[in-house]
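Worksheet for the structure shown next.
Each value in this text was obtained by applying a stated rule to the coordinates, not by laboratory testing. Just so you know, these numbers come straight off a predicted model, no measurement behind them.
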Amino acid sequence: MTGWRKLLAAAGLTAAVLVPVAPATANHHFMRATEVLGGVEGAPDVQYVELQMYAAGQNAVLNSSLAFQDPTGLADGTFTFPANLPNGADNANILIATSQAATFFGVTPDLLMTPSWRCRAARWSSSASRRRASA
């Protein structure tokens, strides 16, 4: 190898080593169901699930789902996310609630769900994670 080829090879190797590499990221692998409410006495349709993100950028939830279980552990419905959410900050929460829960607690949920289950547990499902929280 001639001198100029060695120099070009060394320069190319140096450039390859110095090129910054973007960190690998995932869009909802660090999320957990932290609270589940399947109704209150006298108001069974007051229901919500709260998810917490444990890293920034975990808000790409389109087509991910929550699977609900009844007190015996049997499947009792699902909620599929209709869109990604705007807030992807580290430690941000996602509140999925019925309109009855929003009124009962005076909060504005990130997503509304219909009161169609009598939940005691919720399982967060995406292509890469499965987490469970119990009421």
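Between Ala92 and residues 5 or more places away or on another chain, which pairs have amide H atoms under 5 Å apart, with H built 1.01 Å from N, and which residues are they?
For Ala92, whose amide H was placed from the backbone, the distant partners under 5 Å are Met53.
For segment 83-91, what does the Karplus curve 6.51 cos²θ - 1.76 cosθ + 1.60, with θ = phi - 60°, yield as ³J(HN,Hα) per residue in whole Hz, taken in order and with x for Gly and Pro?
With coefficients 6.51, -1.76 and 1.60, one gets 6, 6, 9, x, 8, x, 6, 4, 6 Hz.
Please give the contour-minus-distance gain from Ala43 to Thr80: 0.36 nm per residue of separation, less the Cα-Cα distance, rounded to one decimal in nm.
Full extension from Ala43 to Thr80 adds 10.9 nm.
If each residue of separation counts as 0.36 nm, what is the full-extension length gain between Asn87 and Ala102 once their alpha-carbon separation is subtracted?
3.5 nm
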